[in-house]
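Student: Before I ask anything, here is the structure I am working with.
The values are calculated or read from the model by the stated rules, or taken from the named source; none is laboratory data. From a predicted model like this one, the values you see are computed outputs, not experimental measurements. Methodologically, a virtual Cβ is constructed for each residue, glycine included, from the backbone with ideal geometry; neighbour enumeration extends over all protein chains shown. Quick note on the areas: whole protein, heavy atoms, side chains included, nothing else; ligands and nucleic acids left out. Shrake-Rupley method; radii C 1.70, N 1.55, O 1.52, S 1.80 Å.
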Amino acid sequence: MDHLDSLGSGLVLVGFFVVAFLYAAVGHGGASGYLAVMALADFPPETLKPTALGLNILVSCVGWMQFWRGGFFSWRLFWPFAVGSIPMAFLGGYMQLPSVVFKRILGGVLLGAALRMVMRPVPEHAGRPVAWWAGLTVGAGIGLLSGVTGIGGGIFLTPLVLLAGWANAKPAAALSAAFILFNSAAGLAGHLTAAASWPGGFAWLALVAGSGGLLGAYVGSRLANPQCLCRFLAVVLLIAAGKLLLGQ
């Protein structure tokens with residue numbers, strides 16, 4: 001399992017399963033959580049982005065199908081964000097930043113994701129259609145950030161959609177799952193175009209994350225969302241963010 005052989009592989013795999021479960025339950029791919037686990041386990045910097053994007057594709061696809069089958073997905077809500085995000089995610093994935101710069105940007109993103117998780121839930125007041133220019137702008141900004149760092153962007157898109165009143169919780173989760181899927185695919189395509197490298201041991205991580213994502217998506221689309229457990233995950237993100245921001 002390449003890098004996994006040199007560390008506590010069992011704990012790493014458990015971490016990936018828990019992250020996939022929690023994120024898929026709310027329509028997310030889990031990239032910020034995977035990145036946090038990998039940062040804490042000292043994965044090589046060049047493996048972080050492709051691993052997170054690859055797992056995002058798998059888990060968000062599972063989540064999207066579950067929410068779609070539940071009747072929560074809307075193409076009309078999705079398309080403005082997708083049109084803005086996909087080309088920018090490819091561009092971000094293509095960009096190969098110096099290791100130190102990448103770590104600082106990623107640390108900032110994980111810090112923002114952690115703070116988002118400890119905030120109170122956004123009240124629901126859906127009813128306003130998405131203006132095409134707003135969807136394109138939001139999608140482009142999150143898409144570029146997603147491609148550069150390897151996150152899917154759902155952890156930032158979902159609260160924006162709820163705050164703007166464009167959708168309620170489950171339609172927003174369905175939107176985020178689809179957004180993450182296409183965003184991550186574009187970002188990974190950009191990365192592989194610039195650096196045709198693939199992390200070792202990915203199949204094991206994909207198997208574990210896929211299992212967690214399948215279970216989490218089922219829980220999120222049919223039962224209560226495990227929001228209370230996200231506070232524990234926020235602590236993990238904060239620790240990983242501190243390591244990336246303060247480390248050498």
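Student: Quick one: how many residues across the stretch 89-118 are within 16 Å of the chain's Cα centre (by Cα) and open to solvent by 60 Å² or more (accessible area, probe 1.4 Å)?
Tutor: Count: 4.
Student: In addition: From the list 104, 120, 116, which one is outside any helix (DSSP H, G or I) and either over 24 Å from residue 68 (Cβ atoms) or modelled with pLDDT of 85 or more (or both)?
Tutor: Only one candidate qualifies: 120.
Student: Turning to a different aspect of this structure: Do you know which residues across the stretch 66-87 are without any contact (Cβ under 8 Å) to a residue 60 or more places away in the chain and either among the hydroxyl-bearing types (Ser, Thr, Tyr) or on the phi < 0 side of the Ramachandran plot (or both)?
Tutor: The first filter runs over the stretch 66-87 and keeps only residues without any contact (Cβ under 8 Å) to a residue 60 or more places away in the chain, leaving 71, 75-76, 79-80, 83-84.
75, 76, 79, 80, 83, 84, listed by residue number.
Results for (1) at pLDDT 85 or above; (2) among the hydroxyl-bearing types (Ser, Thr, Tyr); (3) assigned to a helix (DSSP H, G or I), shown as yes or no for each residue.
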residue	(1), (2), (3)
159	no, no, yes
163	no, no, yes
196	no, no, no
212	yes, no, yes
218	no, yes, yes
224	no, no, no
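Student: Assess whether residue 53 counts as being surrounded by fewer than 24 Cβ atoms within 10 Å (Cβ to Cβ) and aliphatic (A, V, I, L, M).
Tutor: Working: surrounded by fewer than 24 Cβ atoms within 10 Å (Cβ to Cβ): no; aliphatic (A, V, I, L, M): yes.
The answer is no for residue 53.
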